[in-house]
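Take a look at the structure set out below.
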Amino acid sequence: MLARFPHAKICMLAHRPRLSRLLHASRIKEDSRWPDWNVVIGIEVHAQIKSKAKLFSNTLTSGLHDPPNTHVSLYDAAFPGTLPHLNPKCVELGIRMAIALNSEVQRRSAFDRKHYFYADLPTGYQITQQYAPFAKGGFLKLSKEDISVRIKQIQLEQDTAKSTFYPRQQHTAIDLNRAGTGLMEIVSEPDLRSPEEAGDYVRTLQSLLRCVGSSDGNMEQGSLRCDVNVSVNRRGSGFGTRCEIKNLNSVRFMMIAITSEVRRQIDILQSGSSVPQETRGFDEDRAETYSLRNKEDAPDYRYMPDPNLPPLFLEEAFVTDIRQRMPELPDATRIRLQSLGLSSRDIDVIMDVDSGREVGVDGELRPGAVAYFDSVASGRDPRVVVNWITHELLGQLAFRKETFSDNPMTVEQMGELIDLVQSKTVTGTSGKEILRHILTTRTLNMPSQLAEELNMLATSDDTLLKQWCSVAISALPNEVDKVRKGNMNAINRLVGHVMKASKGAANAQAVKTILTEMLS
Ligand SMILES: Nc1ncnc2c1ncn2[C@@H]1O[C@H](COP(=O)(O)OP(=O)(O)OP(=O)(O)O)[C@@H](O)[C@H]1O
Ligand SMILES: [Mg+2]
Ligand SMILES: [Mg+2]
C-alpha cells in the first residue's frame, strides 16, 4: 500500500500533524527524579461490569463471598454444544461508560476468539472485541491535573475463572463463578507522563465508572484491574519500547511499579543496551517488576471471529435512549456546585465521598453524597447545608469509624435540623448534639420532637439567661477579674460555663451580651 502510494502518505503527514506528537511536545516538563528522560505510559483497564447476569449466559454474576462453583451454567463451564447469548445489559453499561468518556459508539462491532491455554479458561479462548470494539476514541479529563488523556478504544470481553494454587498439595483449584462475567477493557493512548498522572487517571476512571453505574471499580476486590505499559526515551527522541506490567491490584502499587520500571529502563539505556519488549509482573515485597515473558515467547493468540456470535449492530435509537438517561457526570456536577457558591474544598470533600458510593446491580443508580446534598439544599442556603454535611455529619461519621453509606440520618431529618438551628429554635450546640443523638440511636424521630424530648429548645427567657450568668460570675471570680481589667477573651470561659449549665439551650451570643452588660 505504502509502496504504491508514497505521495499519499507524505501528504497526509504534511496536513495532519499527529495529535499525540503535539500533545507530547506541549507537555514536556522536566521531572527532577529523571531529568533528561521522558516517561510514556498507556493503561489498559479491565472493569468488571456490574450486571445481574454474565456476558453470554443468564447465570447470575457472583460476589466475593459466594461459595466456589455456585454460579456456573453449562455454557460457563464450556460444555460442548452450548451457545453464547449476548446480555444487552452489559452492552448498555458499556455504552454508558463510552458516552461518559466521549467515545464514539460504533454502529457495528464484532467478537473475536483470543486463544490461550490456562486452567482458568475452560473454552481455551476468551471472547473479546480487540479488532472491532464497540467504542473508539474519546478522552478523559484528569481530576487533579488539567490534562486530557485520549482513549483508544473500549471493548467487551469475558472474565476468566479464578485459580488458586495450593503448594502443599501441589494442586490448583478452579472456581468458575467469575468465568464469563462481563468486562470492559478501556485502552488509553500513551498520553500519561508520570506515575502520579497514571494514578490520577485510574482514580478518575473509577469515579466515572461508579457515577454511571457500570462497575464497582474496586481494585482491591478485583473488579478493576490494570495492565500498565511503560516506556522511556531521552528528551527530544521518539517513543521507546514499551514493557507491559500485568495484574496490578492497587493504585498505590501501580504507581510504585511504574516508578521502579522507569528506573530499570533508564538504567538499561544508560548502560548502552536496549529495552526488550516484555510482559512483566510486579513483586510487591521487593517493589520491583520482573520478567514474565518476552516478545519471542509471547503467546500466539490465533485471533479468529467467533463463529457463534454475529456482529453486534447498535440501533441509533438504543444509544440515544441511553444518552438521554445518563446521570450528571462529575465535571458537570463540579460546575453546578461551584455556581451554588460552594468552596472548592467543600466540593472536593463531597465529591470524593460521592465517588465511593455503592453501585447498584444492572446500572441502577444509587444516590450518593451529592444527591443527599441536593435534596437537603432544596429550598435552603447551599453553603449552610454543605457546612452541616461536610463538617458535622461526615465529621461525626468519621469519628464513629463509619462511612457515608452508614449514614442513618434522612434528608428530612437533616433538613429540619438545619431549619431549627437557622431559626434559632435550637442553638448550634444543641443542633450538633441532636445530630450525634440520631447517629448513635439511629432514631427516625424528627429533630423538633427530639429537641423537646431532650430539653434542647433554645431559651429566649431573659430572666433564666441572667440567672445562669449570675451563677457563672460567682463560680469564676478569676475570669470576672480578668474581664474587668479589660481582657475580653476571658469572657469566653464564662459563656462556656453558661452553655454547660443550660445544656446548650442558651444562645451563646445573647449570653455574651448579657455578661458584658453585667460586668461593665
Ligand atoms: N511506546 C509506548 N509506551 C508506553 N505505552 C505504550 C506505547 N505504545 C503503546 N502503548 C500503550 O500500550 C497499550 C496497548 O494496549 P492494547 O490493548 O492496544 O494492546 P496489547 O497490550 O498488545 O493487547 P492485550 O494486552 O490486550 O492483549 C495502550 O494503552 C497504549 O497506549
Ligand atoms: Mg489490551
Ligand atoms: Mg496489553
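The values are calculated or read from the model by the stated rules, or taken from the named source; none is laboratory data. Source: prediction; values computed, not measured. Cβ placement follows ideal geometry from the backbone for every residue including glycine, while neighbour counts extend to all protein chains displayed. Just so you know, the surface numbers come from the protein's heavy atoms only, side chains and all, with ligands and any DNA or RNA stripped out. Shrake-Rupley method; radii C 1.70, N 1.55, O 1.52, S 1.80 Å.
Take the stretch 473-520 and flag every residue that is assigned to a helix (DSSP H, G or I) and of a type in the set (Gly, Ala, Ser). Steps first, answer last, please.
Restricting attention to the stretch 473-520, the residues satisfying the condition of being assigned to a helix (DSSP H, G or I) are 473-475, 477-484, 488-501, 508-519.
Matches in the stretch 473-520: SER474, ALA475, ALA490, GLY496, ALA501, ALA508, ALA510.
Filter the stretch 277-291 down to the residues that are in a loop (DSSP other than H, G, I, E, B) and either under 20 Å from ARG252 (Cα atoms) or more than 16 Å from ligand 3 (Cβ to nearest atom) (or both) and list them by number. Let's see the steps before the verdict.
Quick first cut of the stretch 277-291, residues in a loop (DSSP other than H, G, I, E, B) only: 277, 284-287.
GLU284, ASP285, ARG286, ALA287, listed by residue number.
Every condition in (1) closer than 30 Å to LYS89 by Cβ; (2) charged (D, E, K, R); (3) not in a helix (DSSP H, G or I) is met by GLU402 except one, and the failing one is (1).
Right, ILE186: touching a residue at least 24 places away in the same chain (Cβ under 8 Å), within 16 Å of ligand 1 (Cβ to nearest atom) and under 30 Å from ALA53 (Cα atoms) or not? Give the steps one after another, and end with the answer.
Numbers: touching a residue at least 24 places away in the same chain (Cβ under 8 Å): yes; within 16 Å of ligand 1 (Cβ to nearest atom): yes; under 30 Å from ALA53 (Cα atoms): yes.
Spelling it out, ILE186 is indeed touching a residue at least 24 places away in the same chain (Cβ under 8 Å), within 16 Å of ligand 1 (Cβ to nearest atom) and under 30 Å from ALA53 (Cα atoms).
Any residue that is outside any strand (DSSP E or B), more than 15 Å from ligand 1 (Cβ to nearest atom), charged (D, E, K, R) and modelled with pLDDT of 95 or more - is there at least one of those in the stretch 228-246? Taking every residue of the stretch 228-246 in turn, none turns out to be outside any strand (DSSP E or B), more than 15 Å from ligand 1 (Cβ to nearest atom), charged (D, E, K, R) and modelled with pLDDT of 95 or more.
Within the stretch 184-202, being more than 16 Å from LEU248 (Cβ to Cβ) and either within 15 Å of ligand 2 (Cβ to nearest atom) or open to solvent by less than 10 Å² (accessible area, probe 1.4 Å) (or both) holds for MET184, GLU189, PRO190, ASP191. A residue that is touching a residue at least 12 places away in the same chain (Cβ under 8 Å) and closer than 30 Å to PHE56 by Cα can be found somewhere in the stretch 329-339.
Condition (residue is touching a Gly at 6+ places or on another chain (Cβ under 9 Å), open to solvent by less than 10 Å² (accessible area, probe 1.4 Å), within 16 Å of ligand 3 (Cβ to nearest atom) and assigned by TED's automatic domain parsing to the domain that holds ALA98) applied to the stretch 160-182: is it met by at least one residue? No.
Tally the residues that are farther than 14 Å from LEU337 by Cβ, under 25 Å from the mean Cα position of the chain (by Cα) and open to solvent by less than 70 Å² (accessible area, probe 1.4 Å), restricting the search to the stretch 386-428. Quick ask: steps written out before the conclusion?
So in the stretch 386-428, the residues farther than 14 Å from LEU337 by Cβ come out as 388, 391-428.
Among the residues that remain, those that are also under 25 Å from the mean Cα position of the chain (by Cα) are: 388, 391-411.
Right, trim to open to solvent by less than 70 Å² (accessible area, probe 1.4 Å) and you get 388, 392-398, 402, 404, 406-411.
Summing the residues that are farther than 14 Å from LEU337 by Cβ, under 25 Å from the mean Cα position of the chain (by Cα) and open to solvent by less than 70 Å² (accessible area, probe 1.4 Å) in the stretch 386-428 gives 16.
Looking at ASN308, is it within 16 Å of ligand 3 (Cβ to nearest atom), within 30 Å of VAL212 (Cβ to Cβ) and out of contact with any helix residue (DSSP H, G or I) (no Cβ under 8 Å at 6 or more places or on another chain)? When the stated conditions are applied, ASN308 does not pass them. GLY94 passes every criterion in (1) in contact with a Leu (Cβ under 6 Å, 6 or more places away or on another chain); (2) farther than 26 Å from GLU364 by Cα apart from (2). Considering only residues in the stretch 221-250 that are within 16 Å of the chain's Cα centre (by Cα) and surrounded by fewer than 20 Cβ atoms within 10 Å (Cβ to Cβ), the one that is nearest to ligand 2 (Cβ to nearest atom) turns out to be ARG225.
How many of the residues in the stretch 192-204 are away from ligand 3 (no atom under 16 Å from the Cβ) and in contact (Cβ under 8 Å) with a residue 60 or more places away in the chain?
Residues of the stretch 192-204 that are away from ligand 3 (no atom under 16 Å from the Cβ), as a first pass: 193-197, 199-200, 203-204.
Remaining after also requiring in contact (Cβ under 8 Å) with a residue 60 or more places away in the chain: 193-195, 197, 203-204.
Residues that pass the stated criteria total 6.
For residues that are open to solvent by 80 Å² or more (accessible area, probe 1.4 Å) and assigned to a helix (DSSP H, G or I), scanning just the stretch 349-385, find the one that is farthest from ASP331 (Cα to Cα). If we take residues in the stretch 349-385 being open to solvent by 80 Å² or more (accessible area, probe 1.4 Å) and assigned to a helix (DSSP H, G or I), then ARG383 is farthest from ASP331 (Cα to Cα). Yes or no: the stretch 462-472 includes at least one residue that is assigned to a loop (DSSP other than H, G, I, E, B) and over 18 Å from VAL386 (Cα atoms). No, the stretch 462-472 contains no residue that is assigned to a loop (DSSP other than H, G, I, E, B) and over 18 Å from VAL386 (Cα atoms).
Could you tell me how many of the residues in the stretch 292-315 are assigned to a strand (DSSP E or B), of a type outside the set (Lys, Arg) and either modelled with pLDDT under 95 or surrounded by 13 or more Cβ atoms within 10 Å (Cβ to Cβ) (or both)? Reasoning before the result, please.
Going residue by residue through the stretch 292-315, those that are assigned to a strand (DSSP E or B) are 292-294, 304-305, 312-313.
Going one step further and asking which of them are of a type outside the set (Lys, Arg), we end up with 292, 294, 304-305, 312-313.
Next cut, either modelled with pLDDT under 95 or surrounded by 13 or more Cβ atoms within 10 Å (Cβ to Cβ) (or both) only: 292, 294, 305, 312.
Total satisfying the criteria: 4.
Annotation note: of HIS46, HIS85, HIS7, the sole residue that is modelled with pLDDT of 95 or more, out of contact with any helix residue (DSSP H, G or I) (no Cβ under 6 Å at 6 or more places or on another chain) and open to solvent by 40 Å² or more (accessible area, probe 1.4 Å) is HIS85.
Could we say that MET326 is open to solvent by 40 Å² or more (accessible area, probe 1.4 Å) and among the aliphatic types (A, V, I, L, M) here?
For MET326, the condition - open to solvent by 40 Å² or more (accessible area, probe 1.4 Å) and among the aliphatic types (A, V, I, L, M) - is not met.
From the list PHE56, PHE111, PHE117, PHE79, the one residue that fits, being more than 16 Å from ligand 2 (Cβ to nearest atom) and crowded, with 22+ Cβ neighbours inside 10 Å, is PHE56.
Looking at ILE41, ILE99, ILE95, can you tell me which residue is part of a strand (DSSP E or B), under 29 Å from the mean Cα position of the chain (by Cα) and touching a residue at least 12 places away in the same chain (Cβ under 8 Å)?
Values: ILE99 fails: part of a strand (DSSP E or B); ILE95 fails: part of a strand (DSSP E or B).
Just one listed residue meets the conditions, ILE41.
From (1) touching a residue at least 40 places away in the same chain (Cβ under 8 Å); (2) assigned to a helix (DSSP H, G or I); (3) more than 16 Å from ligand 3 (Cβ to nearest atom), pick out the condition that doesn't hold for ASP216. Only one criterion is unmet by ASP216, namely (2).
Being within 16 Å of ligand 1 (Cβ to nearest atom) and of a type in the set (A, V, I, L, M, F, W, C) is the filter here, so list the residues in the stretch 208-227 that pass it. First the steps, then the outcome.
Just the residues of the stretch 208-227 that are within 16 Å of ligand 1 (Cβ to nearest atom), to begin with: 224-227.
Answer for the stretch 208-227, where residues must be within 16 Å of ligand 1 (Cβ to nearest atom) and of a type in the set (A, V, I, L, M, F, W, C): LEU224, CYS226.
For PHE134, indicate whether it is open to solvent by less than 20 Å² (accessible area, probe 1.4 Å) and aromatic (Phe, Trp, Tyr). Answer is yes for this residue.
Can you spot a residue in the stretch 128-140 that is modelled with pLDDT under 95, touching a helix residue (DSSP H, G or I) at 6+ places or on another chain (Cβ under 8 Å) and not hydroxyl-bearing (Ser, Thr, Tyr)? No, there is no match, as no residue in the stretch 128-140 is modelled with pLDDT under 95, touching a helix residue (DSSP H, G or I) at 6+ places or on another chain (Cβ under 8 Å) and not hydroxyl-bearing (Ser, Thr, Tyr).
Residues that are buried (at least 22 other Cβ atoms within 10 Å of the Cβ) and outside any helix (DSSP H, G or I): does the stretch 435-447 have at least one? No: zero hits.
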